[in-house]
Structure formats: structure tokens, C-alpha cells
Amino acid sequence: MTETQNLTLVQAVRDGLYTEMREDDDVLVLGQDIGKNGGVFRATEGLFDEFGGDRVVDTPLAESGIVGCAVGMAAMGLRPVPEIQFSGFMYPGFDQIVSHVARFRARSRGQFTVPLTLRAPYGGGIRAPEHHSESKEAFYAHEAGLKVIIPSTPHDAKGLLAASIRDPDPVIFLEPKLIYRAFREDVPEEPYTVPIGEAVTRREGDDVAVFTYGAMTRPTLEAAETLAEEGIDCAVVDLRTVSPLDREAIIEAFETTGRAVVVHEAPKTGGLAGEITAIIQEESLLYQEAPIGRVTGFDVPYPLYALEDYYLPTAARIEDGIKEAVEF
């Protein structure tokens, strides 16, 4: 019988790091305050005492340097896991990510790979300033050569993190901090992976397919349960990986229902909802019975905390979007 621990999502991230570092001496972590301090959210707590300063490296506050050092480490055979303290602080390292991390395999014609996993707390909902709360996953999903993962449960967080660290190519691993400590789940103590690029159906349904990921999975499921009492049967598909998208899962769920809604907290324009809509239009147009709905953040700078609850999709707003698709 598999032994489990009842963990929050951030504890599962920490356990995933610990497990992979224990299993593979080439795995190391680096970032601002991640060593003795254990990171701003304590995702690396205790790792410095366990593995020492050579494998748990406190860096200066210099995101370009953090990512650049990780590129060199990865090219030379290590498996670094750099942490950026908040995803909104990744922009100083954006040149390294786009110009080097994503392109090194192609530029070297496969001579070098960059097996690094860039972690960052991501998204809003915790009453922090705007640079701490943005959802810019589309930046990275647009860049060929990067995989982009956003888990929604502790079990998936540990398994997807392990799969990312073991992957020969770079992964952007965005951790929804709104649900870092929102709930617990049994997580196996032993090493395991969750496949990159595979969505999971969190709820079966025949009336409408709702696609989401990360912190928006919980309010989407809440909305689906409420609507079930009104006779609307929603399938909820948690994409988990936003690049590459699981096209087969998207098409299958849509063709079962003929209606779809996409939920994410990122702004609507240029968001992943548009890409998911395009996949459905290209592959399953003849199954479509209603316009595809998008329930998203707004096309404005992320607001200060007094307006945060108006910006993020809520279960009530998701319900309205689903009803609009079903009642068309």
C-alpha cells in the first residue's frame, strides 16, 4: 500500500523538490531567499539544511542572473530549478528565457539541451500589489521551445514538478498562490510523475464542456455543482499544461457536448481561451451549437486589492457564462 501525506499545494511543491533532489544529485535549486529563509512562501523550507549551500543556492535579487546561471548549469548537465519570487518579477529575465532557454536546443542543433524548471508563484487573489498578482502565462505559451504547466491540486503539483525536472527541455512551472494553502490532499510519499501535456476531466457532463486550469479550477467546479441542481450538466476539464495543450482532450470534450466555455484569470485579449476556441473551430466546427464563451480577467492592469474580487472570475460569473452558452 502506497504511503501518503496530507499536503497543501505548496507543501507538495516542497516535497516534490525534496524527492527529486534526493533521487538525483544533479538537481539543485537557486533563487532569492530560497536557502536559509526557505523562500517567501516557504516552498524550499528545510532544503538548505538537508542538502547544503552547494545545492540550495541563495542568489542576489537579479532575475536575469538567476535565469542566466541556470542556463549554463543546465547546458553543462545539471538540472537546476530556479525560483523567481513572483511571476511578475520574471520580466528582467525574459530575455534569457526567450533568447536562450527556449532556443538553445534548436540553436545548437540538439548538441545542448536546457533541462531547467523555472518555478514562480503566480496569479492573484492574495491581496498583493499588481506585480505580484499577474497572470501572463500566454507570454510563455507563445514561445516555441518552452513547456508551460499550471497545477491545480497538491497531487498534480508534485507529479508535474517531478516530470518537469526530469524533462530534457525547459519548463515554466507556474504555481497558483491563491490555492497554495487553500486545501489539502493525499499525496504519495514515493516518487511519481504526472504526464506533461495531458489534461484531466475533473467532472463528467453532457451539456457543456468547461475548460480551465490552476486556481480557476475550484470555482469552476463549484459553479458546475450549483448548475447541476438546475439541470445543467457540466464537464470540467483541467488542462494542467497550457503548452502544449491537450488538443485531443479539448476536441473530445467539446464533441460530446457541442458547447464550451473557457475560464482563466488572465486578461481576455491574447489569452489561452482564444487558442482553445481556435482549436475547437478548426477541428470540430460541425459539432458546435453555440458561441464559445470566455470567462476571464479584464483587459486592464491588474487592480489594487480593493478591486481584486471584481477582477478575478468568481463561481457566480462562471455560472452566468455557462448559462449563456447553454441557453443560446
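For beta carbons closer than 7 Å, sequence separation of 6+ or different chains, a first residue in the stretch 316-328 that is over 14 Å from residue 257 (Cα atoms) and a second that is modelled with pLDDT of 95 or more and part of a helix (DSSP H, G or I), the qualifying pairs are 318/219; 318/220; 318/223; 319/223; 319/226; 319/227. For the stretch 94-124, filtering for residues that are open to solvent by 30 Å² or more (accessible area, probe 1.4 Å) and under 27 Å from residue 216 (Cβ atoms) leaves 1. In this structure, is residue 73 at pLDDT below 95, farther than 16 Å from residue 174 by Cα and more than 23 Å from the chain's Cα centre (by Cα)? It is false that residue 73 is at pLDDT below 95, farther than 16 Å from residue 174 by Cα and more than 23 Å from the chain's Cα centre (by Cα). Listed by first and then second residue, the pairs linking a residue in the stretch 181-204 that is of a type in the set (Asp, Glu) to a residue that is in a strand (DSSP E or B) and open to solvent by 50 Å² or more (accessible area, probe 1.4 Å), with Cβ atoms under 8 Å apart and 6 or more places separating them unless they lie on different chains, are 185/6; 186/4; 186/5; 186/6; 189/4; 189/5. On the basis of being part of a helix (DSSP H, G or I), in contact with an Asp or Glu (Cβ under 7 Å, 6 or more places away or on another chain) and open to solvent by less than 30 Å² (accessible area, probe 1.4 Å), does residue 13 make the cut? Answer is yes for this residue. Only one entry of 137, 143, 83, 130 meets the criterion of being surrounded by 20 or more Cβ atoms within 10 Å (Cβ to Cβ), of a type outside the set (Gly, Ala, Ser) and farther than 25 Å from residue 6 by Cα, and that entry is 137. Determine if the stretch 256-272 includes at least one residue that is touching a residue at least 40 places away in the same chain (Cβ under 8 Å) and farther than 30 Å from residue 195 by Cα. So far as the stretch 256-272 goes, no, none of its residues is touching a residue at least 40 places away in the same chain (Cβ under 8 Å) and farther than 30 Å from residue 195 by Cα. Residue 42 meets the conditions (1) modelled with pLDDT of 95 or more; (2) farther than 25 Å from residue 135 by Cα; (3) surrounded by fewer than 20 Cβ atoms within 10 Å (Cβ to Cβ) in every case but one. The failed one is (2).
Considering only the stretch 264-296, state which residues are closer than 13 Å to residue 325 by Cα and in contact with a Ser or Thr (Cβ under 6 Å, 6 or more places away or on another chain).
Of everything in the stretch 264-296, just one residue is closer than 13 Å to residue 325 by Cα and in contact with a Ser or Thr (Cβ under 6 Å, 6 or more places away or on another chain), namely 292.
Could you list, in sequence order, the residues of the stretch 136-164 that are more than 11 Å from residue 102 (Cβ to Cβ) and not hydrophobic (A, V, I, L, M, F, W, C)? Listed by number, the residues that qualify are 136, 137, 151, 152, 153, 154, 155, 156, 158, 159, 164.
Evaluate the following for residue 194: is it farther than 22 Å from residue 311 by Cα and either modelled with pLDDT under 95 or of a type outside the set (Asp, Glu) (or both)? The answer is yes for residue 194.
The values are calculated or read from the model by the stated rules, or taken from the named source; none is laboratory data. Treat the numbers as computed from the prediction; the structure is a model and nothing was measured. Positions of Cβ are backbone-derived with ideal geometry, glycine not excepted, and every protein chain shown enters the neighbour counts. For accessibility, only protein heavy atoms count, side chains too; no ligands or nucleic acids. Shrake-Rupley method; radii C 1.70, N 1.55, O 1.52, S 1.80 Å.
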